[in-house]
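Let me begin by presenting the structure, written as structure tokens, before commenting on it.
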Amino acid sequence: MRNNLFSYNLVDTPIHRLSGLTKLIAFLFLTFAVMFSYDIRVILAVMAFSFWVLRVSQIKFSQIRLMVIYVIIFLATNAIITYLFSPEEGVAIYGTRHEIFHIAGRYSLTQEQLLYQTTKFLKYSSVIPLGIIFLLTTNPSEFASALNRVGVNYKAAYAVSLTLRYFPDIQREYVDISLAQQARGLEMSKKAKLRDRFKNALLIIIPLIFSTLDRIEDISNAMDLRGFGKHKKRTWYNSKSLKKADFLAILISALIFTATVMVSVFINKSRFYNPFI
Amino acid sequence: MNKDPIIEFKDFTFKYYSQAEPTLHNINLKIYPGEKILIVGPSGSGKSTLGHCLNGLIPFSYRGDISGSLKVKGLETSELDIFNLSKIVGTVLQDSDGQFVGLTVAEDIAFALENDMVPTEEMKERVKDVSRIVDMDGFLTHSPYDLSGGQKQRTALAGVMIDDVEILLFDEPLANLDPATGKTAIEVIDRIHREGQETIIIIEHRLEDVLHRHVDRVIVLNDGRILADLDPHELVSSQILIDNGIREPLYITALKYAGVEVTKDMMPGHIWSLKTEAISQKVSSWFRSIEKPETPRKRDSILKIEDLSFSYDKRRQVLKNINIDIEEGEMVAIVGKNGAGKSTLAKLICGFERPVEGRLLYRGEDMEDYSIKERAEFIGYVMQNPNQMISKNLIYDEVALGLRLRNVDEDEIKSRVEKALEICGLSPFINWPISALSYGQKKRVTIASILVLDPKILILDEPTAGQDYRHYSEIMDFLREINDLGITIIFITHDMHLMLEYTTRAIVLSEGEVIQDARPSDVLTDQEVIKSANLKETSLYNLAQMVGIEDETEFVQGFIDYERSVRLKDEE
């Protein structure tokens, strides 16, 4: 089978047992914590914590390999571009300049820049395990009910969960259409020029759009016939009521968040940790 | 009957805003509580529209002009909204995949309750209860991908029954099911009808399959009008079915061939109710009089599959040691239940996938080094759903696409496209937009767009799925004409009529192996093969047994031979 980008995996772990709502709140707390802080010590601590949770939830590397590769490419590109556009950003932030060596023109490597970029890289990459945990341990429909319970309109929440539900179908259909079009002579391999490949991709996407529209009509009829949208609210078959473990998880993530803010306010007196002064 | 009707149409007329003529004309119909009604009619007869009026999709989702009255449970439907109506009329839609909104069986069943704000705990209880009725209680946590077509449909059924509806409306319940699953579906509906109080309405054009079980009345619809409202026995002994493009049961056709005058006293509505004492003699002597056609001479092999094995993940073998030799000009059906490996085999032939072991030979030459595109020069593949193949607005451009991609010059493209369209009967539409065509015509466009590439082998995936009898015959007769031009045709299909009437050979796959490669008449009378391929025996087989013919297979074959000789005479 094809490896999907997001595939909820059903194993029974303490993390899976938490309610979707808990996981959403904890995810938001921890994400805000690492987004807020530029203290590499704090970020490393959160990162270590999230890797531990990743282990507990029994997610295998093979499941997330594709996602990890994409993210690393993205972050590496981001780091290079940041350096190209503002090689002295670190110096401006920390207010000192410790040059390690000079490269060329206005580009030289400083300790400040190195710390700044490493911090930023870790900051972003520590969000990844959190996101992976959330997506892979939350049943997509529970995900919708969680969104609904933090205030998102249930129709919008359901749209999200239906997208997750039909994503694999559409992916499969894309492959089928693409093969049938290739059998008519469409060249999608590297032999074709980039411009032609783009044009050819359109020949696959157009039938895909039409058959997806048919599907949408079917599903919206089915939903109307079963009373979707009748009331302002709805209940959820899959909503788990919050248990002790849920409150504990929310408490821990809230504490981590508060601790991060405290570190910034009282120890660093800024969002940045500055070892250079 | 002294009860009040639960459904009452009175001079009911409906016209879609987008159409010039009404789709339903002056409908007058009463349905009483607890009845089981079958509504038949060809495509475009208005039968689905009638269903939409009952469940409220008209006028809620599809708007139009309504005149006359439609009362459900004594309430005028124009004063109800779709939500109130859905508490009385539960609808099981045609495409059980498309209506699966939940991520698991339990959630899907609970969907209507969720929307009614039923508390989670109560919901779980009711889901458990109703899932038991349709035998899905062991599958509550399964996702739709793990379910068969029949299981999806039973889930959909539970999803509407959970509302305690009084009317169950089935919109073409057999459309996406294989023969065995369709048979079970009809049995499940029948059991629910006998055990419960619900009124059952089935909209379907596959008459014989629904008549596998008792129905109270059959309503025939065509051109938006009710043409008949009869019990099954009267209906099949009348001319109405043939006049309105609905296929009559096969055993009825056989009786007519045998010169039997079918009357309602023979109870011919169902094969199991048919009285055969008076007619056995006639059928037997007809059977003995059928002349056997000459066996056609052997032709050269066009596609040979040798010791082919395949696996997607190197663990589970999807195809095991397949050996098939297809002769030039044959019409072959590849059958088997979902997951038996039929589509995978087609993919291997087209080069979409590569064999793990074994060889594929085209006219004796190994195709191993041929790319998808190179194979496409002589193997054409037509997908089931034409909407998945069409990517241009105009018919001409769509058919020309393959040639343009091959950089053929425009003059030659023009003459080849014109020729392909002529073969497909589409010449008058050459400059039309594809969106103006019917589903069957679109199917022809996709076939034309493959034919234009001049293939020697044509592979069609379920070419007749969802087609009524008239369109089915049109498409199939057309394919037979193409076959007469010398093109070898391979069908991937569940359709037993297609196998019987149009192919000379059926290859049955089960769990990745060829379990039979024989005449369709052999396949459809072999109980074991029928079971492992999710087929069902044809009613001709039952008829043979009922009139005391010992060799059922030869009887079925005799029917096929007779039908072909009738056709040849017609053509002359």
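The values are calculated or read from the model by the stated rules, or taken from the named source; none is laboratory data. The structure presented is a predicted model; accordingly, all values stated were derived computationally and were not measured. Cβ placement follows ideal geometry from the backbone for every residue including glycine, while neighbour counts extend to all protein chains displayed.
Residues of the stretch A:199-240 that are part of a helix (DSSP H, G or I), basic (Lys, Arg) and either facing another protein chain (nearest Cβ under 7 Å) or in contact (Cβ under 8 Å) with a residue 12 or more places away in the chain (or both): A:ARG215 alone. Screening the stretch B:290-308 for residues that are outside any loop (DSSP other than H, G, I, E, B) and touching a residue at least 60 places away in the same chain (Cβ under 8 Å) and picking the one that is surrounded by the fewest Cβ atoms within 10 Å (Cβ to Cβ) gives B:SER301.
For the stretch B:81-93, the candidate set comprises residues that are within 7 Å of chain A (Cβ to nearest Cβ) and part of a helix (DSSP H, G or I); within that set, the residue that is nearest to A:PHE228 (Cα to Cα) is B:PHE83.
If only residues of the stretch B:94-123 that are more than 7 Å from every other protein chain (Cβ to nearest Cβ) and part of a loop (DSSP other than H, G, I, E, B) are counted, the one that is surrounded by the fewest Cβ atoms within 10 Å (Cβ to Cβ) is B:ASP97.
From the list B:ILE246, B:ILE226, the lone residue that is modelled with pLDDT under 95 and outside any helix (DSSP H, G or I) is B:ILE246. Among the criteria (1) over 18 Å from A:ILE43 (Cβ atoms); (2) part of a helix (DSSP H, G or I); (3) of a type outside the set (A, V, I, L, M, F, W, C), the one A:THR260 does not fulfil is (1).
Only a single item in (1) in contact with a helix residue (DSSP H, G or I) (Cβ under 6 Å, 6 or more places away or on another chain); (2) at pLDDT 90 or above is not met by A:SER57, and it is number (2). Here the condition is being among the acidic types (Asp, Glu) and touching a residue at least 60 places away in the same chain (Cβ under 8 Å); of B:ASP129, B:ASP97, it holds for B:ASP97 alone. Looking only at residues of the stretch B:318-371 that are over 29 Å from B:GLU481 (Cβ atoms) and hydrophobic (A, V, I, L, M, F, W, C), we find that the one that is surrounded by the fewest Cβ atoms within 10 Å (Cβ to Cβ) is B:VAL356. Screening B:GLY380 against (1) surrounded by fewer than 20 Cβ atoms within 10 Å (Cβ to Cβ); (2) within 23 Å of B:GLU462 (Cβ to Cβ) leaves a single unmet condition, (1).
Considering each residue of the stretch B:135-147 in turn, at least one proves to be within 14 Å of chain A (Cβ to nearest Cβ), of a type outside the set (Phe, Trp, Tyr) and assigned to a helix (DSSP H, G or I).
Conditions (1) surrounded by fewer than 22 Cβ atoms within 10 Å (Cβ to Cβ); (2) farther than 19 Å from A:MET67 by Cα, marked per residue:
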residue	(1), (2)
A:LYS120	yes, yes
A:THR137	no, no
A:ALA159	yes, yes
A:GLN171	yes, no
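Of all the criteria given as (1) part of a helix (DSSP H, G or I); (2) within 14 Å of chain A (Cβ to nearest Cβ), the one not satisfied by B:LEU421 is (2).
Using beta carbons and a limit of 7 Å, which pairs, at least six apart or on different chains, have the first residue in the stretch A:98-126 and in contact (Cβ under 8 Å) with a residue 24 or more places away in the chain and the second one in a helix (DSSP H, G or I) and aromatic (Phe, Trp, Tyr)? What qualifies is A:GLU112/A:TYR94; A:GLN117/A:TYR83. For the stretch B:46-63, the count of residues that are surrounded by fewer than 23 Cβ atoms within 10 Å (Cβ to Cβ), outside any loop (DSSP other than H, G, I, E, B) and either more than 14 Å from chain A (Cβ to nearest Cβ) or on the phi > 0 side of the Ramachandran plot (or both) is zero.
Screening B:GLU353 with (1) in contact with a strand residue (DSSP E or B) (Cβ under 9 Å, 6 or more places away or on another chain); (2) not in a loop (DSSP other than H, G, I, E, B) gives one miss only, at (2).
Highlighted here are the helices (runs of 4 or more DSSP H) found entirely within the stretch B:517-572 that include at least 3 residues which are in contact with a Leu (Cβ under 9 Å, 6 or more places away or on another chain): B:520-523, B:539-546, B:552-571.
For the stretch B:159-169, the count of residues that are touching a helix residue (DSSP H, G or I) at 6+ places or on another chain (Cβ under 7 Å) and small (Gly, Ala, Ser) is at least one. When the criteria are applied in full, B:GLU374 meets the requirement of being surrounded by fewer than 17 Cβ atoms within 10 Å (Cβ to Cβ), within 14 Å of another protein chain (Cβ to nearest Cβ) and part of a helix (DSSP H, G or I). The residue list B:SER435, B:SER415 contains one member that is of a type in the set (Gly, Ala, Ser), within 14 Å of another protein chain (Cβ to nearest Cβ) and more than 21 Å from B:ARG470 (Cβ to Cβ), which is B:SER435. The single condition among (1) over 17 Å from B:GLY98 (Cα atoms); (2) facing another protein chain (nearest Cβ under 10 Å) that A:ARG149 does not satisfy is (2).
Just one of the numbered conditions (1) within 11 Å of another protein chain (Cβ to nearest Cβ); (2) surrounded by fewer than 24 Cβ atoms within 10 Å (Cβ to Cβ) is not true of B:VAL127: (2). The conditions of being surrounded by 15 or more Cβ atoms within 10 Å (Cβ to Cβ), among the aromatic types (Phe, Trp, Tyr) and either more than 14 Å from chain B (Cβ to nearest Cβ) or farther than 30 Å from A:ALA92 by Cβ (or both) are not met by A:PHE266. Only one of the listed residues (A:PHE51, A:PHE32) is of a type outside the set (Val, Ile, Thr) and under 14 Å from the mean Cα position of the chain (by Cα). That residue is A:PHE32.
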